[in-house]
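Here the structure comes first, spelled out in structure tokens, and everything after it is commentary.
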Amino acid sequence: MRIIPVLDLKDGVVVRAAGGRRADYRPIVTPLSTTADIVDVARGMRSLHSFGTFYVADLDAIAGRPPNDAALARLSRLDAPDIWLDAGFGDAGKLEAALGHASLSPVLGSESQVDDALLRRFQGHKKLILSLDFFADGFRGPPSFLDEPGLWPQTIIVMTLAQVGSGGGPDLALLEMIMARAGDRQVVAAGGVRGEADIIALSHLGVAAVLVATSLHDGALDRDALARLDA
């Protein structure tokens, strides 16, 4: 099972996410890095484990503000990581450009879509990742994203933003529901993972990968735990 660390970007630095309340996010304070700089934090994460993939949420781009391109470019030069990027893609040209970038796998976030046109156009692209975005008030996105699983690409993130940083554990019932409809697609869990036991439970459920941040910064997933999970 893949463990993918998360880097939430806002105003050029990594911030600590909590419950999807993005206005409250502040520059991260973590024992893994002396600064909130994206490269410093990524290197700190790699001091725990040789992560090859990072998930990056460009929160400014998602909110319609100028994207954090400079920070992202610096990260891409860090020993050539694979980057899963949610940058609020809502434009076919920008999504197509990202699909053509060697080190990027663009994430099409349901919350950023006004309709399902981009998903229908690019669903067959092997690099496209779909994020089904669930907030405290429920799913955000066009209804067809949930109603028509035939539209789903090969990789789907179940993004439970209300669980992020909450210590409440992953939403297993929601994951089971999505997996029952996903067929042979890869389902990725995001939000609420507290540590090794949750990751083992998700693995038994058949989840292909998990996105984590808080459990890395808080030490619940330390070097030893990551080594065991990688075994």
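Restricting the stretch 13-40 to residues that are under 23 Å from P170 (Cβ atoms) and in contact with a His (Cβ under 9 Å, 6 or more places away or on another chain) leaves a set whose member that is modelled with the lowest pLDDT is R16. Every listed requirement among (1) modelled with pLDDT of 95 or more; (2) more than 22 Å from V164 (Cβ to Cβ); (3) within 19 Å of the chain's Cα centre (by Cα) is met by F89 save one, (2). Count of the stretch 183-193 residues, restricted to those that are surrounded by fewer than 19 Cβ atoms within 10 Å (Cβ to Cβ) and touching a residue at least 24 places away in the same chain (Cβ under 8 Å), is 3.
G93 passes every criterion in (1) loosely packed, with under 12 Cβ neighbours inside 10 Å; (2) not in a helix (DSSP H, G or I) apart from (2). Restricting the stretch 96-145 to residues that are among the aliphatic types (A, V, I, L, M) and surrounded by fewer than 19 Cβ atoms within 10 Å (Cβ to Cβ) leaves a set whose member that is farthest from the chain's Cα centre (by Cα) is A117. Can you pull out the residues in the stretch 90-123 that are within 16 Å of A63 (Cβ to Cβ) and of a type in the set (S, T, Y)? Within the stretch 90-123, S110, S112 qualify. Checking each residue in the stretch 201-231 for being within 18 Å of R185 (Cβ to Cβ) and of a type in the set (S, T, Y) picks out only S203.
The values are calculated or read from the model by the stated rules, or taken from the named source; none is laboratory data. On a predicted model such as this, the values are computed, not experimentally measured, just so you know. We place every Cβ from the backbone using ideal geometry, glycine too, and count neighbours over all the protein chains shown.
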